[in-house]
Amino acid sequence: MNPVARIALVVAYAVLGLAALGRSSVQISTKLSEAPVPYLVSGVSALLYTVIAVALWRRWAGVALVGTAIELVGVLTVGTLGYVESSWWPDETVWTGYGSAYGWVPLLLPVIALVLLVRERRARTAPGDTPAPRSAV
Amino acid sequence: MDVYTGVVYPLVLAASGVLALAGIVTLLWPRAHRVLRVAVAATYAAVTIHLITVAVLLVSGNSAGLVLTLGYLVASLALLPLLGIGRLGTPEAAAADPDPDRPVLAPDQIARVDAAAAVIIAAALAVLAWRVLTILEAAA
């Protein structure tokens, strides 16, 4: 993966992780009983964003790939359930409305990350490829 | 409160706008990295002024929720170290790290990384400032 894209993704995930962490910390610590499912989902998303940011930085490609896949499934599931079963969600999560409160970044980011990670994985496993030199990583 | 809404909040928005613009220009033209560094310094100053002003407002009787307001302010501060994250990719920084996967960036790549980070952080800072304004106005 292009190092500029990789570090930009790290920054984007760190920012999103910070936002989700702040939101979920306040929600879980002050009013968890009011809407446990949405607030716990926010907490899970915060944890996931942090893990993905670290995995991208440390080049744990497998962890990053699985993390972003879970994230995408989470955004799509929560976003869809928010419209189909709105009574399940007395309050919003980071993934509500497919991340509309965050400019749909929670939906776009895993798609971009997955495309880049899968491309990198394919390039690595392509026959006849030699490992990239460190300076190009 | 008038100083906050009339001067400080627009200042943070302006600093965020300039930061984003400098980031976009640097992405396209890495030689503008020097300008981006100036914009980063200005952003640090704007966020500091914002922090002090909100603290003064809170101390002087604004009844905004402390946890949320301070949370957003702390988040603003926590974002700042991500500006200039390209420094972690310099050969010197990588040499000091035993991790073989640590990225080593060329100067133009460092500029582009800083630029991408600046665009992301600028958007986040503007949103945080807007959230703080909303809370303070509701409590005023």
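For the stretch B:56-70, the set of residues classified as assigned to a loop (DSSP other than H, G, I, E, B) and closer than 24 Å to residue A:19 by Cα consists of B:63, B:64, B:65, listed by residue number.
Restricting B:47, B:113, B:119 to those that are within 9 Å of chain A (Cβ to nearest Cβ), touching a helix residue (DSSP H, G or I) at 6+ places or on another chain (Cβ under 8 Å) and open to solvent by less than 30 Å² (accessible area, probe 1.4 Å) reduces the list to B:113. Just so you know, in the stretch B:120-140 the residues that are assigned to a helix (DSSP H, G or I) and of a type in the set (Gly, Ala, Ser) include one that is nearest to residue B:85 (Cα to Cα), and it is B:122.
Filtering the stretch B:50-75 to residues that are within 10 Å of another protein chain (Cβ to nearest Cβ) and either open to solvent by 40 Å² or more (accessible area, probe 1.4 Å) or within 23 Å of residue B:115 (Cα to Cα) (or both) leaves B:65, B:67, B:68, B:72, B:74, B:75.
Comparison of B:105, B:79 shows that the only residue that is in contact with a Gly (Cβ under 6 Å, 6 or more places away or on another chain) and facing chain A (nearest Cβ under 7 Å) is B:105. Scanning the stretch A:23-55 for residues that are out of contact with any Gly (no Cβ under 9 Å at 6 or more places or on another chain) and aliphatic (A, V, I, L, M) turns up A:32, A:35, A:37, A:40, A:54.
The values are calculated or read from the model by the stated rules, or taken from the named source; none is laboratory data. All values reported here derive from a predicted model rather than from experimental measurement. Note: ideal-geometry Cβ built from the backbone for every residue, glycine included; neighbour counts use all protein chains shown. Only protein heavy atoms, including side chains, enter the accessible area calculation; ligands, DNA and RNA are left aside. Shrake-Rupley method; radii C 1.70, N 1.55, O 1.52, S 1.80 Å.
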